Amino acid sequence: MNWRPALLISSIALLVLGGVAYVAINFGTRVMDFAQGPTASSSPSIVTFSETGTLTRNNPGHVPGTWYLTYEKLGTPGLSVPLAFSSTSRCGVSATSSFCGSFQLDQGLRTHVTGTETNSIVQVQRLTATTTNPSQEMILLYFYNPALDTDAQGQVRCSQRGLVAVPTIIPRTNAPIVDAVRTLLSGNLPPEGSARGITTEYPLPGFSLASTSLRAGTLTLAFIDPQHQASGGACRTRILRFQIEATARQFSQVQQVRLTPSTLFQP
């Protein structure tokens, strides 16, 4: 019997089987590595954040100029986390929200913040000003900051870009739209707002809200202006109008605002 061909065939078979096993083991390992993805140590820790607390800034131990949310959790002392805002962050009250850059943040403002926490910094998705008193309601009053409303040459544009939403607490009633407009007309500009360049010409002598009507999403506001205080100056009258319209539109049931009489807010 010639044993050499048989031995040669057996050797070749062993080599083939060994190669198949090597490929299978290595392929399986690579598939497992791909399925697992990067390890936890190679990526930042990201968690969902949703807490209610108060805003603070420039407190001892905090990064200067950075807003923090100070809040409490059961069984732990007071916690503070720095807040990071981006172009997609939204700020407002329960009824509305807007770009956080046009929202007035203040020390001690009670807020609910949602977002993602990465390496102990919260990237804000939404910041909602709140109140814990059921007899009160948080609304927005819109004032004007000319520094936010300039063109490339530094000229004031007299546009809605300069409007700043200021959270304000008012008594809770059955007529929050009327209350918001009347509160705006009374001035009610907080001292810290003035320090940051926010302005308003309200209150105007003799200028007042006479009546309101809301039908099919259109809010009609009728005013009394015996001294013609709401007229004169194209830029001035536009800002006065924009303030009222923005304050009224924060309510979801208001789609359009109509101001009467038509002689109001004319240059």
Sole residue being over 18 Å from Ile170 (Cβ atoms), at pLDDT 95 or above and not in a loop (DSSP other than H, G, I, E, B), chosen from Ala222, Ala248:
Ala222
Evaluate segment 159-178: report whether one residue or more is among the basic types (Lys, Arg) and closer than 30 Å to Cys235 by Cα.
yes
Members of segment 96-134 found to be outside any strand (DSSP E or B), among the hydroxyl-bearing types (Ser, Thr, Tyr) and under 13 Å from the mean Cα position of the chain (by Cα), listed by number
Ser102
Near pairs, Cβ below 8 angstrom, 6+ apart or cross-chain, from segment 66-88 (within 12 Å of Thr56 (Cα to Cα) and touching a residue at least 24 places away in the same chain (Cβ under 8 Å)) to any residue that is surrounded by fewer than 10 Cβ atoms within 10 Å (Cβ to Cβ) and of a type in the set (Ser, Thr, Tyr)
Val81/Ser120; Pro82/Ser120
Would you be able to tell me the number of residues in segment 49-80 that are assigned to a loop (DSSP other than H, G, I, E, B) and not polar (S, T, N, Q)?
12
Can you tell me which condition Arg258 does not meet? The list is (1) out of contact with any Asp or Glu (no Cβ under 7 Å at 6 or more places or on another chain); (2) at pLDDT 95 or above; (3) assigned to a loop (DSSP other than H, G, I, E, B); (4) closer than 26 Å to Arg157 by Cβ, and all the others hold.
(3)
If I ask for residues that are hydrophobic (A, V, I, L, M, F, W, C), over 26 Å from Tyr142 (Cβ atoms) and under 21 Å from the mean Cα position of the chain (by Cα), which ones from segment 64-95 would you list?
Val81
Residues of segment 169-183 satisfying the condition of being among the hydrophobic types (A, V, I, L, M, F, W, C), outside any loop (DSSP other than H, G, I, E, B) and closer than 18 Å to Gln253 by Cβ:
Ile170, Ile177, Val178, Ala180, Val181
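Here is a list: Leu185, Leu163. Which entry is over 23 Å from the mean Cα position of the chain (by Cα) and either within 16 Å of Leu140 (Cα to Cα) or buried (at least 19 other Cβ atoms within 10 Å of the Cβ) (or both)?
None of the others qualify; the one that does is Leu185.
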Picking from Thr132, Thr88, Thr116, Thr111, the residue that is in contact with a Phe, Trp or Tyr (Cβ under 7 Å, 6 or more places away or on another chain), closer than 30 Å to Phe251 by Cα and of a type in the set (Val, Ile, Thr) would be Thr116
Which condition breaks for Tyr202 when tested against (1) closer than 14 Å to Phe143 by Cβ; (2) assigned to a helix (DSSP H, G or I)?
(2)
Has segment 133-145 got at least one residue that is surrounded by 14 or more Cβ atoms within 10 Å (Cβ to Cβ) and of a type in the set (S, T, N, Q)?
yes
(1) assigned to a loop (DSSP other than H, G, I, E, B); (2) over 22 Å from Ser159 (Cβ atoms); (3) hydrophobic (A, V, I, L, M, F, W, C) all hold for Leu209 apart from (1)
Which of the numbered conditions does Arg238 fail, given that it passes all the others? Conditions: (1) in contact with a Gly (Cβ under 9 Å, 6 or more places away or on another chain); (2) surrounded by 14 or more Cβ atoms within 10 Å (Cβ to Cβ).
(1)
Out of segment 215-267, which residues are over 31 Å from the mean Cα position of the chain (by Cα) and either of a type in the set (Val, Ile, Thr) or closer than 20 Å to Ser97 by Cα (or both)?
Ile224, Thr260, Thr263
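The values are calculated or read from the model by the stated rules, or taken from the named source; none is laboratory data. Computed from a predicted structure; not experimentally measured. Neighbour counts run over all protein chains shown; Cβ positions are idealised from the backbone, glycine included.
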